[in-house]
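Participant: One structure follows; several queries about it will come next.
The values are calculated or read from the model by the stated rules, or taken from the named source; none is laboratory data. This one's a predicted model, so the numbers in the text were calculated from it and none came from an experiment. Cβ placement follows ideal geometry from the backbone for every residue including glycine, while neighbour counts extend to all protein chains displayed. Heavy atoms of the whole protein, side chains included, go into the accessibility calculation; ligands, DNA and RNA do not. Shrake-Rupley method; radii C 1.70, N 1.55, O 1.52, S 1.80 Å.
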Amino acid sequence: EPEVTQTPSHQVTQMGQEVILRCVPISNHLYFYWYRQILGQKVEFLVSFYNNEISEKSEIFDDQFSVERPDGSNFTLKIRSTKLEDSAMYFCASSRGLTDTQYFGPGTRLTVL
Amino acid sequence: AQTVTQSQPEMSVQEAETVTLSCTYDTSESDYYLFWYKQPPSRQMILVIRQEAYKQQNATENRFSVNFQKAAKSFSLKISDSQLGDAAMYFCASKGEYGNKLVFGAGTILRVKS
């Protein structure tokens, strides 16, 4: 069964450094998403991406964040200058259509020191 | 705006028994979708069940079923014949028909006792 994959599983970085989180969505899916979950808190939407552009973003998704689909398979989330409060689990998800179920990857745990 | 409320931070159930997890939601959209996701200790988010709001029939998926009460904006999850592997955090989520994002509740930790 196809699944969403994410790398790395755990990333440790110093405050102020740039990080890139990588995702490979399910191959015939057209909509891609990033969510984050700070430890012990609810899952929060960051951004959605369709047809090579951002279709919706939350207030969390400020200028420090960017997304890109650099080739036909990868979908990346870049955080330009990490802050302590960016420490969280970051989930990538994808769906075939806008009304179809979103399937999640296993997550990347980001730790900012 | 959409909101999802899970009022039970934690629930316990004996193995082989039945448990119901509660969820209420609010939305201004006429058409929407509701979901239950399971998050085991590995923290992967796994879809349990999906309900389209326009369908009156409650969704079922093997031992998992929902009680969807549209007028009351309630969407509870029933787990029958609970197994040790059901122990996890369960999130209720909603999505508007034309929106992109899932809106999640705070989650309910389910503990299964042997």
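Participant: Among all the lysines, which ones have a C-alpha under 23 Å from residue B:78's C-alpha, if same-chain residues fewer than 8 places away are not counted?
Facilitator: A:42, B:38, B:55, B:70, B:95, B:113
Participant: About the Cα centre of chain A, what is the dipole size in debye to 20, counting +1 per Lys and Arg Cβ and -1 per Asp and Glu Cβ, all else neutral?
Facilitator: 200
Participant: Just want to confirm a number: the relative contact order over chain A, from Cα pairs under 8 angstrom separated by 6+ residues, in percent.
Facilitator: 38
Participant: Per residue of A:99-108, what is the mean number of Cβ atoms on other protein chains within 10 angstrom of that residue's Cβ?
Facilitator: Averaged over the peptide's residues, the number is 5.
Participant: Compute, for chain B, the length of the dipole vector about the Cα centre, with Cβ point charges of +1 (Lys, Arg) and -1 (Asp, Glu) only. Units Debye, rounded to 20.
Facilitator: Here chain B has a charge dipole of around 120 debye.
Participant: In nanometres, what is the gap between the two model label sites at residue B:62 and residue A:99, each 7 Å from Cα along Cα-to-Cβ?
Facilitator: Result for the modelled spin labels: 2.8 nm.
Participant: Between residue A:56 and residues 5 or more places away or on another chain, which pairs have amide H atoms under 5 Å apart, with H built 1.01 Å from N, and which residues are they?
Facilitator: A:48
Participant: Okay, moving on. Solvent-accessible area of residue B:30, probe 1.4 Å, all protein chains present, reported in Å² to the nearest ten, please.
Facilitator: Counting only protein heavy atoms, residue B:30 exposes about 100 Å² to solvent.
Participant: If you consider only alpha-carbon coordinates, what radius of gyration and Dmax does the protein assembly as shown have, in Å?
Facilitator: Rg, Dmax (Cα atoms, Å): 17.6, 51.
Participant: Mean shadow of the range A:1-89, computed from the convex hull of its alpha carbons, in nm²?
Facilitator: If you wrap the Cα atoms of the range A:1-89 in a convex hull and average its projections, you get 6.2 nm².
Participant: Also, I was wondering about something else. Output ³J(HN,Hα) for the range A:75-82: one whole-Hz value per residue in order, computed from phi by the Karplus curve 6.51 cos²θ - 1.76 cosθ + 1.60 with θ = phi - 60°, and x for Gly and Pro.
Facilitator: Taking θ as phi minus 60°, the curve returns 9, 10, 10, 10, 10, 5, 9, 5 Hz for the range A:75-82.
Participant: At 10 °C and a viscosity of 1.306 mPa s, what translational diffusion coefficient does Stokes-Einstein give for the range B:3-113, taking Rh as the Kirkwood radius over Cα pairs? Give it in µm²/s as a whole number.
Facilitator: 114
Participant: A further question on this structure: Sort the following peptides by mean Cβ neighbour count (other Cβ atoms within 10 Å, averaged over residues), highest first: A:81-91, A:7-17, B:96-106.
Facilitator: By packing density, highest mean first, the sequence is B:96-106, A:81-91, A:7-17.
Participant: Still on this structure, I have one more. Report the accessible area of residue A:54, computed with a 1.4 Å probe over the heavy atoms of all protein chains in place, in Å² rounded to the nearest 10.
Facilitator: Ignoring ligands and nucleic acids, residue A:54 comes out at about 70 Å².
Participant: Can you pull the accessible area of residue A:69 for me, 1.4 Å probe, Å² to the nearest 10?
Facilitator: Approximately 60 Å² of residue A:69 is accessible to the 1.4 Å probe.
Participant: Which one of B:27, B:49, B:85 is farthest out on the positive end of the charge dipole of the range B:3-113, using unit charges on Cβ (Lys, Arg +1; Asp, Glu -1) and the Cα centre as origin?
Facilitator: B:85
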